[in-house]
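**Q** Okay, here's the structure, questions in a sec.
No lab work stands behind these numbers, since they all come straight from the coordinates. Owing to the predicted nature of the structure, the values given are computational and were not obtained by experimental measurement. Heads up, the Cβs are rebuilt from the backbone with ideal geometry, glycines too, and the neighbour counts pull from every protein chain shown.
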Amino acid sequence: MENTTLIMPIKPRILHVASEMAPLAKMGGLGDVVQALPKALRQLGVDCRVLLPAYPCVLGNVEKNRLSLTRLRSPVHVALEWRVYSARVLRTEIDGVPIYLLEQPELFSNPTIYPMDLTESSALPFAFLSLAALELSTASRWHPQIFHVHDWPTALLPVALRWHRHYRKMGPDVDTVLTLHNLAHHGILPQEALTGFGLDASSFGMDGLEFYGQVNLLKGGILTADALTTVSPRYSWEIQTPDGGMGLDGVLASQKRKLRGILNGIDTEIWNPATDPVLPAHYRIGSMKGKDLCRRALLHRLGWDDDGSPLLLWVGRLVEQKGIDLLLVSVERLVNLGCRVLAVGSGHAVYEEGIRKAAERFEGRVWSYVGYNEEIARLAYAGSDMLIMPSLFEPCGLSQLIALRYGTIPVARAVGGLADTIIDADGSQRGYGFLFSDYTAEELVNAVKRAMTAYSDRRRWERLVARGMALDFSWKSSAMAYAKLYLELLGVEVSDLKES
Ligand code: GLC
């Protein structure tokens with residue numbers, strides 16, 4: 001795969017429209033994807049650019065990273081709720097990817113990006129972003145052929161191309177891709193929002209945005225986008241079932257011919273234990289001493305001696321999706337098994353309190369860090385032995401990919417992207433992780449027990465670690481799959497593509 005490249009017969013123009021993009025604005029995995037995918041696509045010869053709101057944090061990060069910033073001559077204007085909102089368009093570039101920033105301080109001022117309550121007025125920034133994307137070419141003089149939107153915050157874009165009194169004219173000339181990163185958030189609004197957004201009343205029906213008497217932006221996007229992708233193949237069918245569909249399974253099943261799962265990758269330059277500047281020592285397959293040194297540095301940081309027990313890391317957002325409830329009810333049993341548990345993350349107050357309390361109760365065996373600290377996270381990935389990921393559902397998951405690259409063996413629930421990326425070491429000769437199915441403490445503890453048995457056999461464990469580290473989770477093959485999708489939408493025969 002390393003040497004395979006796609007010979008692009010044309011250079012498609014793609015605009016990613018998103019509410020997050022690391023390192024400028026990031027709340028979760030979506031931000032990482034919008035950073036890495038356009039970069040990988042450009043390396044394949046796709047003219048891929050990004051449109052992002054110029055939130056205060058974005059401008060701060062542009063300055064911090066000393067990025068060049070120019071202001072385009074013409075602004076963009078969008079009519080919303082019988083008023084015209086204007087934004088200046090700034091342009092910067094990261095890793096060769098042109099990024100347009102919408103400067104509209106009145107709308108883009110929320111430091112947490114997403115509102116606690118979605119209302120007609122708190123939805124305006126997202127509506128503006130979606131519609132301003134359709135106006136961008138007047139300022140940029142660059143005409144995207146495909147708009148690639150992400151999750152509910154930009155789902156109004158494909159909807160507008162079908163039902164907006166003004167933008168529907170553009171519909172036949174452009175294509176849209178909607179990537180579903182997480183079906184848990186739909187963007188639900190009262191019916192009245194539609195008129196303010198400029199949509200026809202006819203858009204509010206069973207075959208439109210209506211969802212139990214309210215407006216569902218994501219549903220609208222699913223129905224109107226030309227193509228849908230999910231961030232792992234397994235998630236693409238899980239969401240067509242009542243268990244995984246979050247109420248949209250029927251709608252998704254009806255659109256399955258345009259739905260495909262493309263696994264996310266990780267930026268293998270940013271996540272590399274052989275070069276990671278944060279780590280006290282570096283390592284690679286065949287030269288693993290550095291991992292032991294990282295483990296020692298981690299233990300030192302926690303104030304713990306090395307008693308030989310495995311370090312089990314939990315890292316991520318402290319939300320229900322990530323299975324933190326399951327970890328909290330199992331923590332005592334994990335400690336009794338002889339593990340030490342590290343929990344790093346932030347999120348809901350009850351869970352933050354939960355991990356703090358566990359650390360107090362099992363002092364010396366459980367450690368918690370509430371917040372996100374890049375340095376601690378990286379040291380923890382490198383210095384831990386296992387990563388625990390008991391997710392309730394997981395569209396893709398990035399932590400298991402990072403952990404594998406850092407030689408840390410995942411113990412995870414076999415859902416979504418976790419099931420797609422981890423092979424159980426007891427179930428297959430090629431395995432390098434430990435999976436469990438049911439969302440129960442019993443199953444989680446049993447999977448950790450199996451991992452501990454493997455851990456106690458040094459030679460076997462080293463083999464698992466090396467196998468995991470050798471996997472290629474770079475963006476290259478995913479970017480190729482997206483490039484093929486774009487070409488298909490543009491009517492370029494994909495069989496014409498050459499891979500060399
Ligand atoms: C969301 C999903 C996560 C996925 C990420 C990027 O955060 O919960 O599983 O990896 O989006 O697509």
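**Q** Can you tell me the relative contact order of region 289-469? Whole percent, Cα pairs under 8 Å, sequence separation 6 or more.
**A** Relative contact order for region 289-469 comes out at 21 percent.
**Q** Provide the three semi-axes, in whole Å and in decreasing order, of the ellipsoid equivalent to region 67-214 as defined by the square roots of 5 times the Cα gyration tensor eigenvalues.
**A** Semi-axes (√(5λ), whole Å): 25, 18, 16.
**Q** Anything over 21 Å Cα to Cα? Flag those among K322/K476; K219/K258; K26/K322; K11/K169, in the order listed.
**A** Table pairs above 21 Å Cα-Cα are K322/K476; K11/K169.
**Q** On to the next question. Could you compute the net charge surrounding I402? Neighbours are other residues with a C-beta less than 11 Å from the C-beta of I402; K and R count +1, D and E count -1.
**A** -1
**Q** Rg over Rh of region 228-289, using C-alpha atoms and the Kirkwood radius, what does it come to? Each step should come with its number before you reach the end.
**A** Working: Rg = 19.0 Å, Rh = 14.3 Å.
Ratio value, two decimals: 1.32.
**Q** Lys/Arg Cβ at +1, Asp/Glu Cβ at -1, dipole of region 289-469 taken about the Cα centre: which of G407, W304, A447 is farthest positive-ward?
**A** Result: G407, furthest along the dipole toward the positive end.
**Q** Please say if region 289-469 is rounded, prolate or oblate, where rounded means a/c under 1.5 for a ≥ b ≥ c the square roots of the C-alpha gyration tensor eigenvalues, and otherwise the choice is prolate for a/b larger than b/c and oblate otherwise?
**A** Working: a/c = 1.40, a/b = 1.10, b/c = 1.27.
It is rounded, given that a/c, with a ≥ b ≥ c, falls under 1.5.
**Q** So if I place +1 on the C-beta of Lys and Arg and -1 on the C-beta of Asp and Glu, and nothing else carries charge, what would the dipole magnitude of region 289-469 be about its Cα centre? I want it in debye, nearest 20.
**A** In total the dipole reaches around 640 debye.
**Q** Tell me, Kirkwood radius of region 254-370 from alpha-carbon pair distances, in Å?
**A** 16.6
**Q** Continuing with the same structure: For helix 124-140, report the angle its Cα long axis makes with the longest principal axis of the Cα atoms of the chain; keep it between 0 and 90° and round to the nearest 10°.
**A** 70
**Q** Across every pair of different alpha-carbon atoms, what Kirkwood hydrodynamic radius in Å does the chain reach?
**A** For the chain, the Kirkwood estimate is 23.7 Å.
**Q** Any idea what the dipole of the chain comes to, in debye rounded to 20, about its Cα centre with Lys/Arg Cβ at +1 and Asp/Glu Cβ at -1? Each step should come with its number before you reach the end.
**A** Working: 52 positive and 55 negative charges, 245 e Å.
With only Lys, Arg, Asp and Glu charged at Cβ, the dipole is about 1180 debye.
**Q** Sticking with this structure for a sec: Mind checking the angle between helix 476-489 and the chain's longest principal axis? C-alpha axes, 0 to 90 degrees, to the nearest 10.
**A** Roughly 20 degrees, rounded to the nearest 10.
**Q** Pairing the Cα long axis of helix 441-455 with the longest principal axis of the chain, what angle in degrees results, from 0 to 90 and rounded to the nearest 10?
**A** 60
**Q** Tell me the GluC sites (Glu not before Pro) within region 396-500 that lie in a loop according to DSSP and have at most 12 other beta-carbon atoms within 10 Å. Write down the numbers at each step before the final one.
**A** Numbers: sites: E442, E443, E462, E488, E493, E499; in loops: E493.
Those that pass, being in a loop and sparsely packed, are E493.
**Q** If you don't mind, there's one more thing I want to ask. Loop only by DSSP, 15 or fewer other Cβ within 10 Å of the Cβ. Give me the trypsin sites (Lys or Arg not before Pro) in region 1-87 that pass, ordered by residue number. The partial results should precede the final answer.
**A** Details: sites: R13, K26, K39, R42, R49, K64, R66, R71, R73, R83; in loops: K26, R66, R73.
Within region 1-87, the qualifying trypsin sites (Lys or Arg not before Pro) (loop, at most 15 other Cβ atoms within 10 Å) are R66, R73.
**Q** While we're here: Where Lys and Arg each count +1 and Asp and Glu each count -1, what net charge lies around Y369 among other residues with Cβ under 13 Å from its Cβ?
**A** 0
**Q** Given the DSSP H assignment, sum -39500 (n - 2.57) over each helix run of at least 4 residues in the chain and divide by its residue total; what's the result at 222 nm in deg cm²/dmol, nearest 500?
**A** The helix contribution divided over the chain gives -10500 deg cm²/dmol.
**Q** Could you give each residue of region 407-414 its phi-based ³J(HN,Hα) in whole Hz, using Karplus coefficients 6.51, -1.76, 1.60 with θ = phi - 60°, and x for Gly or Pro?
**A** x, 10, 7, x, 10, 9, 7, 7
**Q** Suppose we keep just the alpha-carbon trace of region 63-140; what are its Rg and Dmax in angstrom?
**A** In Å, with Rg to one decimal and Dmax whole: 13.5, 39.
**Q** If amide hydrogens are placed 1.01 Å from N in the peptide plane, which non-local residues have theirs closer than 5 Å to the one on G261?
**A** Residues meeting the amide H criterion: T230.
**Q** Could you work out the local net charge near R333, counting Lys and Arg as +1, Asp and Glu as -1, over the other residues with Cβ closer than 10 Å to its Cβ?
**A** Taking every other residue near R333 into account, the sum is -1.
**Q** Over the Cα atoms of region 282-321, what radius of gyration and what Dmax do you get, in Å?
**A** Radius of gyration, then largest Cα-Cα span, for region 282-321: 13.3, 38 Å.
**Q** As I understand it, the dipole of the chain uses +1 on the Cβ of Lys and Arg and -1 on the Cβ of Asp and Glu, about the Cα centre. Which of G187, Y351, L41 lies farthest toward its positive end?
**A** The residue sitting farthest along the positive end of the dipole is L41.
**Q** If you average the sequence gap of Cα pairs under 8 Å that are 6 or more apart and divide by the length of the chain, what percent do you get for the contact order?
**A** 13
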